[in-house]
Structure formats: C-alpha cells, structure tokens
1. Mind listing whichever residues of segment A:378-392 are within 14 Å of another protein chain (Cβ to nearest Cβ) and either surrounded by fewer than 23 Cβ atoms within 10 Å (Cβ to Cβ) or under 21 Å from residue A:554 (Cβ atoms) (or both)?
2. Which residue out of A:533, A:554, A:516 is in contact (Cβ under 8 Å) with a residue 60 or more places away in the chain and within 12 Å of residue A:357 (Cα to Cα)?
3. Say we look at segment B:83-108 and pick out the residues that are out of contact with any helix residue (DSSP H, G or I) (no Cβ under 8 Å at 6 or more places or on another chain) and either closer than 22 Å to residue B:192 by Cα or more than 8 Å from chain A (Cβ to nearest Cβ) (or both); which of these is surrounded by the fewest Cβ atoms within 10 Å (Cβ to Cβ)?
4. If you take just the helices (runs of 4 or more DSSP H) that sit entirely in segment A:190-257, which of them hold at least 2 residues that are touching a residue at least 12 places away in the same chain (Cβ under 8 Å) and in contact with a strand residue (DSSP E or B) (Cβ under 6 Å, 6 or more places away or on another chain)?
5. So, in segment A:151-191, how many residues would count as being over 13 Å from residue A:18 (Cβ atoms), surrounded by 13 or more Cβ atoms within 10 Å (Cβ to Cβ) and within 30 Å of the chain's Cα centre (by Cα)?
6. Residues of segment A:431-455 being surrounded by fewer than 24 Cβ atoms within 10 Å (Cβ to Cβ), part of a loop (DSSP other than H, G, I, E, B) and either touching a strand residue (DSSP E or B) at 6+ places or on another chain (Cβ under 9 Å) or free of Cβ contacts under 8 Å to residues at least 40 places away in the same chain (or both), which ones?
7. Please go through segment B:162-173 and pick out each residue that is surrounded by fewer than 19 Cβ atoms within 10 Å (Cβ to Cβ) and touching a residue at least 24 places away in the same chain (Cβ under 8 Å).
C-alpha cells in the first residue's frame, strides 16, 4: 500500500516491521516524532529517557540481552551519548542496535550544524543514510541486518529535510507487515567478561577486532546495493547521498551518479572505478567535506567544497545551492536570474518565534529584567526570552549548561547579580548533576527551574516530572524540589509565575540567601490548559505608556501613541500585563464574560 | 503534467500544516508523485512558517526553488511578501485577507506595510494575485479554524480542478464531527473565485 509518510514516521514503521522491540530516546528536533510514532505500535517497549546517554545505554543493554534495539536522538544528543557510543563500538552487540542521529543542517532548531557522519569514522561504526521516506523505511531494516551480521551498532543518519519531508512509501500489508514474533524463550545473558567488561586489558584485545570489523565493512560496502551507480552522461560523475542526492538529481538528472546509501566506511574500489568511468567527479554533500576528503585520499581528483570552490561549508543545501555549484563548474548553464521583486517591497518586520500568550515564563522574565540580573540560560522555549522586547537571556550553549556557567562566573567574581534558568525537562536531562555541583561546592547561586510540567519546545513530550510515560502509563512524578532538598539545599521555594509579586519576592530571597538556592516557578504550559477569560484595556485609563508592551505578549498591540489594546482571540487571561500596568487600566472584559 | 509546485506560507499556529497535508494527499489521490517538506520546532511558536508541496511525474527534491513556484498559498498578507521571489512568472498567488502583527509592530517599533506596498511587488511577476476574505467566511461559518479549508477551496477553483478528490481527502483527514463544516468551508472558498 502506498502512503505518504514523513521520514520520521517511516523510520518508526520500518523499525516496527523489522522487529525492533526496545527503543529509547530523548526528544529533540528534528528527531522527536520517531519515538512518538513507534510508541503507538503494539507489543514493543518505547521510552523517553531523561537524556540521550541514558537512552543509548538502555538500548545497548537491550541489545546485549539479545533484543533488536534502537536509540534515537538529534545530532547534538549524540554528543551527550558519545561515551556509550564509543564503548558499544568496542564491545559490539549480540542482538542488533540501530542508533538514529538526526542532523540539522541550517540549524532550524539547533545550536550548531555539526555533521555526525564524523562520529561514524570517529567511533569506527558503519553509517547508513536515507534520502527519502522509502529509504528511511528500508534502511532501518538494512541497519538491523548489518548490525546482526557484523555484531556492530549501526548509525542511521537523517537530516531535517528527510525527517520532516513527506514522501511516498510503498509499505507491505497483511502478513508481510507483521513484525517477526518475539523469541519463545528469554535470551540468556551472553556471559563474556572479556568482551563486555571494558577494563584496559579487555579493551586492548577488542581494539584490533573493531579495526578488522571496519575493514570487513569496507569490503561489504563494495558490493552492497546501498551504494548504487546510476549511469548517465560521462562528462560528469556525481558522488552524493542523503538529501543532497535528491537535489543533485533534481537539477542535473542526466549526469552519472554514485549514490552512497552507506556514508561510512566508503567503497574505495567502487569509487575509483566510478571516477575512471567519467571525465570529472563532483562530490555533492551537505555540511562537512566528509566524503570529499576521503575521495581525494583515494587519489581521485574531484570538485566539491574543500576549497570553497563549488559548494558552501556553512548552511543548508537546497536545489538552488546545488544548481549554483554545478553551474560554476560549467555543467549547467548559469541560473536564469529573475529580477528580485522584493527590492520593491517596504522593509518587512521580521517574525521570529515568540513566547506564546499566557506563557508561564513571561512573568519570571519580567522580574529578572526588573532586577537587572545576568541570566545564564539553557535549551528550551525559555531561550525565546532572548528576543526583544524581553532580551533577558545572556547565554545559551547546550542542554544543562547554564547552572555550571553561573557557578563558574560567580566563583570568578562576577560584578553583577546573576541567576541560572533551566526548564523542567532540561533539569532532568543534565541539570541535576550541575545542581549537585553547586550544592557540593557551596555555590551561593540561585537556580530557577522554570517548570511548565512538560517538554514544551519539541511539542509536549512527557518527562520524569510529569507522572506519565511515553506510552501514556501513569508513573511516579519526580519532584525537582525534593531532588534539590535531597542534595542538602535548604533554600527551595515553589512559586506561581503568573503571580508577579510572589515571584519577585521568591527570586529576591533566593538571591539574598547566601547559600545554594532553588526557586521553582511552576505553572503548566499555556498551550496545554484551557484559556482563562480574556482581559480588556480601559481606554479611559490607558495613556499608552507601553509598560505592558515590554513583557512581549503577542496579544497586546499599540493602536496609537496613547492607546494599547488586547486581542481577545489571543489573550489567555494570564493577568501578567494587568499586574504590570501602573494605571490599573487592564481588567476582565465584563461585557464579554457576563 | 511535468510538475506543479506549491508554497504554503503563514504564521505558526494558523493551520498551514493541515492545509499542506490536504494538498499533498490530494496530489497523491490524483495519481501524482508527491513530496512535502515542512519545518517543526522553534519556528512553530508564532514565527513565520512555510511548507513546500510538489506534485509531478517523479519528484526528487522536497523543496521548490526561487522563481518556480506555481501556486503561493498564503495565510497572512505580510508573510506573502516574504516569499515573493518564489512565485514563477505568471504564477498564482492566493492570499487569506488577514493581518497578524509581528511583535515588533505590536510594540510600535515597526510598521505593518500597506496592502498596496506588499502586493505591488508581485506585479513584476504575475497579475494573478487574489486577496480573498477567507477568515471572514470562516467566521461566518462559526469557526475561524476552517480558514485553511476556505483557502484550499479557492485554490481548487483557481487550479480548475474538481472538488471531489479534495473533499474525499478532507473527509479522511479531519475529525468526523467537523467534516460537514469543512465541506461547507471548501464550497464557500470555491465561491470566492469567479
């Protein structure tokens, strides 16, 4: 049956049909929907782990125990999971293990555009890379087979435009669509300490084994149908893969292609033969010159991006980028440039993402701004506090970074008063050890846990504090306040961030505590609760001072120098603007609400 | 048919994703190869959003290129202008007559340009620019959330296609209790185009 699936949904379906039984992940754009889709299938186990390192350890444990397992994360998640990535490469797995990494060229929702093909080379692991949803479906099963055959974890690399593009998948139906039955007997523990206990003596024995495994995989890469020659015009031979293949195929369909479905290790002979069959080799790849460097080392003269000659190192590829590069090399006529019609336009006000109306973070940011604090930020919706008019976040590096940064800055003798802010899901991810550090090393630091009761930015995923699992079972709701207290932190307060006075009092007290302090600002994400009645501005009282506009709520807008109004369709009645107004001009709309 | 490219643009939260889903599935129902690309995550929090939908005999890239889009379907007047360079010469632009102020405009730091200023730019490319009261029609029907389907109704007429394949997809795609409302919205959208 043909259906239109996103790359993420196709990975989930392929994993299910292929017989993957255990999967673990931490949400992260563009990978999040993989586990959401997979979790809905019967007879499997799927979990949100608190972070990617734990997710990978869970998947490794399942594969050690003989299962087909999968760990899923965004590209920077693999940095967090890099430690287990390297040991599981050494030990290998008796079951099968697929590690999905979703890279984000163009940084649609990320802090960098690292190219995780480098991890395959770094950790001596094979990597497959689909270029559409059909391949996503097929390759996850190929990855499982490869994992079985070579007793190795296999990386499956996706990119944003594969994850979030919907393309046709011809999926099996009926009997064929059912995953293989689970083993009748539980798998016995494969007791083999020399293999699974990575003390130096054992690891030294394993290292040559994985180097040999890599040579065997390179030999396999020569013959697999994953790496496919599509003969065409001999003037130009394009070596490409992933989404870049689709772009190159779009703009120069008549060329000869070597389409790499296996990103690492590369098939040396196949590449050399292909190069010999064409006049000029061009390597077309998103992000790093990962293939180009290796192809050049094989003694193949090629064009690409190493010297910035055809394609850029920075930013996302598109058909236009590939077209421009191939035109520069003379394989296409120069693109016909239509006149730029935007030149005739007035300046267009930008529309960056913003904190939603009723967002519980807004009241906290108002207070932090009023107190003129330096704010060490973290990753989540609250990072949007960096946009004007709030402009309140001073750092954003990676998950869990802010608490440690604050501690270091304080110990260095920072002149200004400062706080760290971190979301609830991010706190469980990597905030906990950072807070342990603050408590242990007696940092008189204030950490604000902005607890909106969900993983919000990625689209509302459960986490250890919500009381529900990924598969919607009730579970323990782990309380960040109790965690902080268990660390010996005495000064722990919980406050409703929609109450500005109380929030300010709690933050002031935390700043003055002279010891490690935690303030938990706790209210559900505004998108997950019904709105309260909208507020209205009394035009008689409003003088247009604009104080309310400084909280950056999309529901408020200026109509003239002396009047501001509230859009009743957007207002959630959170009352933060009402509390900020110095003229008591904002009130419940009585006409509307009687 | 070689290919038809669509670009669906608007503001996060306006229902662009459902519209591009329906558009893609209708293409599939009509027997085309189809690809659709959209971006999730940060851009959904009230920011500019765009989806590419491509129909063709064989579609490779999920992204359309500047200057080649056959139909720009816009949910918001200002957002239309941001993508002006994507429309092909003599292409069609269909716009929901709604203005959502970006924060910079709300706080009085920037101005929302006039319709004339925003839409005039297109005339260098095409005269087929349709500014239609889709939101007003949806509100008349009692639910502003069907604005997207009103807009698709208008598009289906501009494309000179029959309503049936669209309605079938809509029926499969929206919750049962909203099917009748959405069908009405689609029909009213077709009526907006002469």
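The values are calculated or read from the model by the stated rules, or taken from the named source; none is laboratory data. Keep in mind it's a predicted model, so treat the numbers as computed, not measured. Heads up, the Cβs are rebuilt from the backbone with ideal geometry, glycines too, and the neighbour counts pull from every protein chain shown.
1. So in segment A:378-392, the residues within 14 Å of another protein chain (Cβ to nearest Cβ) come out as A:379-391.
Passing the criteria: A:380, A:381, A:382, A:383, A:384, A:385, A:386, A:387, A:388, A:389, A:390, A:391.
2. On the way: A:533 fails: within 12 Å of residue A:357 (Cα to Cα); A:516 fails: within 12 Å of residue A:357 (Cα to Cα).
Exactly one of A:533, A:554, A:516 is in contact (Cβ under 8 Å) with a residue 60 or more places away in the chain and within 12 Å of residue A:357 (Cα to Cα), namely A:554.
3. Filtering segment B:83-108 down to residues out of contact with any helix residue (DSSP H, G or I) (no Cβ under 8 Å at 6 or more places or on another chain) leaves B:83, B:86, B:88-91, B:101, B:103-105.
With the extra rule that they be either closer than 22 Å to residue B:192 by Cα or more than 8 Å from chain A (Cβ to nearest Cβ) (or both), the set shrinks to B:83, B:86, B:88, B:90-91.
Numbers: B:83: 19, B:86: 22, B:88: 19, B:90: 10, B:91: 20.
Here the answer is B:90.
4. Working: elements: A:193-196, A:200-223, A:242-251.
Qualifying helices (runs of 4 or more DSSP H): A:242-251.
5. Looking only at that region, the number is 17.
6. Correct list: A:441, A:444, A:453, A:454.
7. Selection gives B:163, B:165, B:168, B:172, B:173.
Yes/no matrix, rows are residues, columns are (1) within 14 Å of chain B (Cβ to nearest Cβ); (2) part of a helix (DSSP H, G or I); (3) farther than 18 Å from residue A:150 by Cβ:
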position: A:30; (1), (2), (3): yes, no, yes
position: A:38; (1), (2), (3): no, yes, yes
position: A:46; (1), (2), (3): no, no, yes
position: A:69; (1), (2), (3): no, no, no
position: A:73; (1), (2), (3): no, no, yes
